[in-house]
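So the structure is just underneath, and the comments pick up after that.
The values are calculated or read from the model by the stated rules, or taken from the named source; none is laboratory data. Values in this document were obtained by computation on a predicted structure and should not be read as measured data. Every residue, glycine among them, receives a Cβ derived from its backbone with ideal geometry; neighbour counts consider all protein chains shown. To get the accessible areas, we keep the full protein, side chains included, count just its heavy atoms, and leave off ligands, DNA and RNA. Shrake-Rupley method; radii C 1.70, N 1.55, O 1.52, S 1.80 Å.
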Amino acid sequence: MSVDSITEGPESRKLRLETLIRLRWLAVAGQAVSVFIVAGILQFSIPLVTCAVFIGVMALVNAWLHLSFPSTWRLDPAALALLSFDLLQLAALLYVTGGLTNPFAPLISVPVIISSASQPLRHSLALVLIAILCITALAFSPFSLPWYPGTTVPFEPMLLAGMWFAIVCTTSFAAFYAYRVSLEASQLAEALAATELALQREMHLSELDGLAAAAAHELGTPLATISLVAKEMSRELEPGNRFHDDIQLMISQTERCRDIMRRLTTLSSGSEEHMK
């Protein structure tokens with residue numbers, strides 16, 4: 001496999017729009033449930049309107065994609081833009097809910113993993129870079145972690161640095177692992193497809209060889225009879241007879257047909273010129 005094919009990725013690795021839309025609806029549902037539990041059940045202090053706007057924008061974009069494009073559309077350049085939007089939307093939601101102190105901060109690696117499993121290498125690397133920038137921005141979030149009113153959860157700078165390093169390492173390792181596994185699976189699928197094509201070709205040649213042998217066997221007797229009769233007629237005709245040349249032509253063409261049949265019976269052991 002060439003470097004270009006590895007970089008671009010086969011067609012089978014391209015993400016379908018329907019798959020991405022379903023993953024986005026799952027993300028919207030998860031974000032909405034999390035915000036509801038934090039604000040409604042736990043009664044933590046949270047910028048509810050801002051979070052609702054971020055989640056609503058994701059839902060509206062997803063609904064627009066579902067209504068405007070066919071679900072079987074294979075994403076390639078558009079996938080980078082959509083996954084970047086998902087990454088930025090999640091980063092914005094985490095930014096106003098505590099940044100890296102939010103327990104859901106490691107989820108920022110999910111769009112990167114999806115890209116690594118389904119997109120060309122250059123797109124995945126670009127998304128990894130965007131994710132690192134977002135993680136760095138989350139480390140400087142001025143918003144505190146949603147907690148009980150009048151109470152804040154203290155986080156030391158060294159702990160934030162450790163969380164930043166851990167999330168960056170998790171994102172990078174998971175992206176590399178997903179890319180390698182997906183690439184090997186695609187290569188295996190292509191190898192199996194090539195093997196099946198080779199087996200089908202061999203079966204076709206074997207069947208063709210059998211048909212040729214059967215045809216040669218069936219036509220051998222009539223051609224031998226025609227050749228015998230033509231030679232007998234040639235002996236009885238004088239060289240100056242007007243049918244003498246026709247008989248000789250018949251004999252030569254009969255020998256040519258027998259030569260062709262001999263070649264037909266050795267198709268599998270000869271060259272592949274007959275396939276042209």
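The C-beta contact set for region 241-261 (first residue farther than 23 Å from T221 by Cβ, second residue of a type in the set (A, V, I, L, M, F, W, C), distance under 8 angstrom, 6+ apart or interchain) comprises F243/M233; F243/L237; H244/L237. With respect to F165, is the statement that it is farther than 25 Å from L23 by Cβ and either part of a helix (DSSP H, G or I) or among the aliphatic types (A, V, I, L, M) (or both) true? When the stated conditions are applied, F165 passes them. None of M158, M163 is open to solvent by less than 80 Å² (accessible area, probe 1.4 Å) and farther than 25 Å from M58 by Cα except M163. In region 99-150, which residues are open to solvent by 70 Å² or more (accessible area, probe 1.4 Å) and either in a loop (DSSP other than H, G, I, E, B) or in contact (Cβ under 8 Å) with a residue 40 or more places away in the chain (or both)? Scanning region 99-150 gives P103, F104, R122, F140, P142, F143, S144, W147, Y148, P149, G150.
So, in region 202-229, how many residues would count as being touching a Lys or Arg at 6+ places or on another chain (Cβ under 6 Å) and farther than 12 Å from R258 by Cβ? Count: 0. Determine whether A79 is touching a Leu at 6+ places or on another chain (Cβ under 7 Å) and more than 22 Å from P111 (Cα to Cα). It is false that A79 is touching a Leu at 6+ places or on another chain (Cβ under 7 Å) and more than 22 Å from P111 (Cα to Cα).
The lone criterion from (1) within 21 Å of V128 (Cβ to Cβ); (2) open to solvent by less than 40 Å² (accessible area, probe 1.4 Å); (3) at pLDDT below 95 left unmet by A81 is number (2).
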